[in-house]
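The values are calculated or read from the model by the stated rules, or taken from the named source; none is laboratory data. Everything numeric here is computed off the predicted structure, so don't read it as measured data. No Cβ is skipped: glycine too gets one built from the backbone with ideal geometry, and neighbour counts run over all protein chains shown. For the accessible areas, the whole protein counts, side chains as well, though only heavy atoms, and no ligand, DNA or RNA atoms are used. Shrake-Rupley method; radii C 1.70, N 1.55, O 1.52, S 1.80 Å.
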Amino acid sequence: QVQLVESGGGLVQPGGSLRLSCAASGGTFSRFTMGWFRQAPEKEREFVAYISSGGSTKYADSVKGRSTISRDNAQDTVALQMNSLKVEDTAVYYCAAGAAWGSSNARNYGYWGQGAQVTVSS
């Protein structure tokens, strides 16, 4: 079974930066599309970013230009660097893995981490 573990969440002031990491095990990491999703209280889970097995990336409009997703296949990790954080970025962030080509649809991801809390507040 594929296991995903997020790390790097925490409390950040508006305008600050944060780097989330996700460590994968139990699968052929290089073959997966890796995605980040988030869910705020009383809101639906939403797409944040993905990086395909070939390195193609896509970002939600809400984070485009201030976020970068990357992967290190040698270490089986994926990261999400977020800058210029806003209060509305506050959410639980989930790492996800899917066998299909990169998708922003959560239904195309079969493996999920437990989530990392990101709180943006002054």
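Some notes on this structure:
- Those residues of the stretch 16-33 whose amide nitrogen sits under 19 Å from the label point placed on E88, 7 Å along Cα→Cβ: 16-18
- Gain in span if fully extended, S62 to Q117, counting 0.36 nm per residue against the direct Cα distance: 18.0 nm
- From the Kirkwood radius over Cα pairs of the stretch 81-122, Stokes-Einstein at 20 °C and 1.002 mPa s returns a whole-number translational diffusion coefficient of 179 µm²/s.
- Spin-label pair Q81-K43: with each label point 7 Å from Cα along the Cα-Cβ axis, the two points sit 2.4 nm from one another.
- The chain - percent of accessible surface contributed by carbon and sulfur, probe 1.4 Å: 43
- For the peptides 8-20, 85-97, 33-45, the ranking by packing is 85-97, 33-45, 8-20, with the highest mean count of neighbouring Cβ atoms within 10 Å listed first.
- Each residue of the stretch 97-106 was assigned a 3J(HN,Hα) from its phi angle through the Karplus curve 6.51 cos²θ - 1.76 cosθ + 1.60 (θ = phi - 60°); the sequence is 10, x, 7, 7, 4, x, 9, 8, 8, 4 Hz, with glycine and proline shown as x.
- For the chain, the equivalent ellipsoid built from the Cα gyration tensor has semi-axes of 23, 14, 14 Å, listed from largest to smallest.
- The chain, accessible area per residue, ligands and nucleic acids excluded (1.4 Å, Å²): 53
- Per-residue 3J(HN,Hα) values for the stretch 28-45, derived from phi via the Karplus relation 6.51 cos²θ - 1.76 cosθ + 1.60 with θ = phi - 60°, read 8, 3, 5, 8, 8, 7, 10, x, 10, 10, 9, 9, 8, x, 6, 10, 6, 5 Hz in sequence order (x marks Gly and Pro).
- Shape class of the stretch 24-91 from the alpha-carbon gyration tensor: prolate, with a/c at 1.5 or above and a/b greater than b/c.
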